[in-house]
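Worksheet for the structure shown next.
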Amino acid sequence: MKFTTSIEIALPRQHVVELLTDPANRPKWLKGLVSHEPLTGVDGHVGTESRVVFGQGKGTMECTETITRREPTDLRDFPDDKVVHFDREIVAEGMWSAAQETLSESSPGTTGWVSANEYRFSGPMRLIAPLMRRSFIKQTRQHMLDFKAFAEEGIDVREGRD
């Protein structure tokens, strides 16, 4: 299953990148995140593997995230016309996914965020997943909108906003 979704964030790209790459911010916009801990490497850098746990209803889902691309490598200062790329793979029981995130300046002071996603399934999930396509797209888009609300308005998903 493949899909792409995008949003615009009313902030300069450099500020968006700083917010998005700060590990302390993840629980503020990534609803359901229980933990995100690097197992190898440096958080957010290519090759880093992290254990990620999400709360799902009464249970949890654990997965391994591997950063496969980060360009430019140094995110502290880069030209306005440079597109920022964050790619990652996530593996969980019965699921593999790859996400290619790009951040670009869509207009002065506004950032365009495009998320291209691919999912592959095995076992029972292989039969169920095609019926859940809309849910995967909706969840990805909701995470992006939650980040936008956090970045633009300081809204924290842990404070009861649905």
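Quick notes on this structure:
- Helix-only mean residue ellipticity at 222 nm for the chain, each DSSP H run of n ≥ 4 adding -39500 (n - 2.57), per residue, nearest 500: -7000 deg cm²/dmol
- Solvent-accessible heavy-atom area per residue, rounded to whole Å², over the chain at 1.4 Å: 58
- Taking only Cα atoms of the chain, radius of gyration then Dmax in Å: 15.7, 47
- Bridgeable lysines around Lys28 (alpha carbons under 22 Å apart, same-chain partners fewer than 8 residues away excluded): Lys58, Lys138, Lys148.
- 0 to 90° range, to nearest 10: angle between helix 133-153 axis and the chain longest Cα axis: 30
- ³J(HN,Hα), Karplus 6.51/-1.76/1.60, whole Hz, each residue of segment 91-98, x for Gly, Pro: 10, 9, 4, x, 8, 10, 9, 10
- The share of accessible area on the chain that comes from carbon and sulfur is 52 percent, using a 1.4 angstrom probe.
- Long-range tail of P(r) for segment 27-84 (Cα pairs > 13 Å, %): 66
The values are calculated or read from the model by the stated rules, or taken from the named source; none is laboratory data. Please read all numbers here as calculations on a predicted model, not as lab measurements. With ligands, DNA and RNA removed, areas are computed over all heavy atoms of the protein, side chains included. Shrake-Rupley method; radii C 1.70, N 1.55, O 1.52, S 1.80 Å.
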